[in-house]
Amino acid sequence: MTATETRPRPDETRIERAFGSAFRRVTGTAFAPYQSAVLRIGFAATWLFFLLREWPYRHELYGPHGPWSGDMARRLLDGNEAFSVLTWTDNLGWFELVYGLAVVASALLLVGWRTRTMSVLFMVGVLSLQNRSIFIGDGGDNVLHLMAIYLVLTRCGQVWSLDARRAARHAGSSGGGPERDVTGVVLWAALGLFLAVAQLLGLSGLSWFGPGPFPSVGWGLTFWVLWLSHGVWWAVRRYASGEPRTVLDMISKLIHNGALLVIVVEVCLIYATAGWYKIQGSRWQDGTAVYYPMHLDYFSPWPELSRVLADNGLMIMLITYGTVIVQVAFPFTLFNRRLKNVLLVAMICEHLSIAFLLGLPFFSLAMITADAVFLPTVFLVWLGARVASVRDRVLPRRTAVRE
């Protein structure tokens, strides 16, 4: 777009100029590349570590050997209209395949390999396992459930990913020409073939206009739209430079920015509702709510430490009231950068204490990852530079080869 095209018209109103400027901003830039990368890494790591920890017990938790049978799961999913590929069959081999692919997809999303495809497979793994046994979780599973869907709509592989490194190498070696990407084409074709076979077999949950992520948009239609959009994106980037590529890039950035806005709103709602519900509880009102979990064996990985802390009445009162204040106040501090950062540190410390004192590491890791969407870009860039510096010291040979 030239300078004459962006010059405001003489008859353009202030509202029109503001709207035009905002539209160009949200369609011209993919916001928060570092924050979205942290979301990708954090949620993929949370799910991966959980799957690996539960590996010895996977058959009892999510498989056909568990107390929650496949028939019970199917009846429940028919009622709440949720999606899970594990309800297609109770075959043990199919369960092992799905669980293994969930682990692989989480690991590949963590390192940012084929991020667009892996984000969809990651979402399928999360939904399939969690919806198969919905009574297993500690609260963090609900956050992960939602964020797995939102991540599909983000460009979370712009930085700190193998995709970004591959794109940089290709741009440096070919001068920015189109990439052939045979691996991506083969993966895309294989997934399309699998989806077509699954739909021809009439497997549950793949309706076109039935239950799905949006009203009257079934999971079958959703998966086909995602599959076709990936193919169109690749074809346009390779064969149709110019206006078609510009338009698709604008749409992609708009969807990314919209998904990030939804994530921000979702995190604010989580804290706001949690804080306001706490205010209504009598134990939170009298400042003793934190006292009781520390006397439960299930939430006491360090009994002696929990007992010492629980016996300090002043500390219990400060933690109880401080938790409520931080959760209720946080959404109102987003427009004050300094105050927001202070409360953000307080919430992260709160979740670290929950992980350590109450033995809920995956809930805490999921919430800390969700909080990361508010971290300052300057801090994330600095952190990335420090990590890269440590990596270069530990792996000097690889650095030398790359240079």
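For residues that are without any contact (Cβ under 8 Å) to a residue 24 or more places away in the chain and within 27 Å of Ala272 (Cβ to Cβ), scanning just the range 300-324, find the one that is most open to solvent (accessible area, probe 1.4 Å). Walk me through how you get there before you give the answer.
Going through the range 300-324, the residues without any contact (Cβ under 8 Å) to a residue 24 or more places away in the chain turn out to be 303-304, 307-308, 310-315, 318.
With the extra rule that they be within 27 Å of Ala272 (Cβ to Cβ), the set shrinks to 315, 318.
Numbers: Met315: 78, Leu318: 100 Å².
So the residue we want is Leu318.
Within the range 214-232, can you find the residues that are touching a residue at least 24 places away in the same chain (Cβ under 8 Å) and more than 18 Å from Leu86 (Cβ to Cβ)?
Correct list: Trp224, Leu226, Trp227, His230, Gly231.
Checking Ser36 against (1) touching a residue at least 12 places away in the same chain (Cβ under 8 Å); (2) not in a helix (DSSP H, G or I), which test does it fail?
Every condition holds for Ser36 apart from (2).
If you take just the helices (runs of 4 or more DSSP H) that sit entirely in the range 163-279, which of them hold at least 2 residues that are within 30 Å of Val326 (Cα to Cα) and open to solvent by less than 60 Å² (accessible area, probe 1.4 Å)? Reasoning before the result, please.
Numbers: elements: 182-200, 219-239, 243-279.
It comes to 243-279.
Name the residues in the range 85-96 that are crowded, with 20+ Cβ neighbours inside 10 Å and not hydroxyl-bearing (Ser, Thr, Tyr), would you?
Those that are crowded, with 20+ Cβ neighbours inside 10 Å and not hydroxyl-bearing (Ser, Thr, Tyr): Val85, Leu86, Phe95.
Mind listing just one residue for me: the one in the range 280-299 that is touching a residue at least 40 places away in the same chain (Cβ under 8 Å) and buried (at least 18 other Cβ atoms within 10 Å of the Cβ) and, of those, farthest from Ser353 (Cα to Cα)?
My answer is Trp284.
Can you pull out every residue in the range 33-74 that is touching a Leu at 6+ places or on another chain (Cβ under 6 Å), among the small types (Gly, Ala, Ser) and open to solvent by 10 Å² or more (accessible area, probe 1.4 Å)?
Ala45
Taking the stated definitions as given, is Phe135 open to solvent by 70 Å² or more (accessible area, probe 1.4 Å) and either touching a residue at least 60 places away in the same chain (Cβ under 8 Å) or touching a His at 6+ places or on another chain (Cβ under 7 Å) (or both)?
For Phe135, the condition - open to solvent by 70 Å² or more (accessible area, probe 1.4 Å) and either touching a residue at least 60 places away in the same chain (Cβ under 8 Å) or touching a His at 6+ places or on another chain (Cβ under 7 Å) (or both) - is met.
Is it the case that Arg338 is farther than 29 Å from Phe49 by Cβ and open to solvent by 70 Å² or more (accessible area, probe 1.4 Å)?
Criteria met by Arg338.
Among the candidates Ala107, Ala82, Ala148, single out the residue that is open to solvent by 20 Å² or more (accessible area, probe 1.4 Å) and modelled with pLDDT of 95 or more.
Details: Ala82 fails: modelled with pLDDT of 95 or more; Ala148 fails: open to solvent by 20 Å² or more (accessible area, probe 1.4 Å).
Answer to the selection: Ala107.
Which residue, of Leu187, Leu195, Leu200, Leu206, is under 23 Å from Asp90 (Cβ atoms) and in contact (Cβ under 8 Å) with a residue 24 or more places away in the chain?
Testing whether each residue is under 23 Å from Asp90 (Cβ atoms) and in contact (Cβ under 8 Å) with a residue 24 or more places away in the chain leaves just Leu195.
The values are calculated or read from the model by the stated rules, or taken from the named source; none is laboratory data. The structure displayed is predicted, hence computed values, not measured ones. All Cβ positions, glycine included, derive from the backbone under ideal geometry; neighbour counts span all protein chains shown. Heads up: the accessible areas ignore ligands, DNA and RNA and are worked out on the full protein's heavy atoms, side chains in. Shrake-Rupley method; radii C 1.70, N 1.55, O 1.52, S 1.80 Å.
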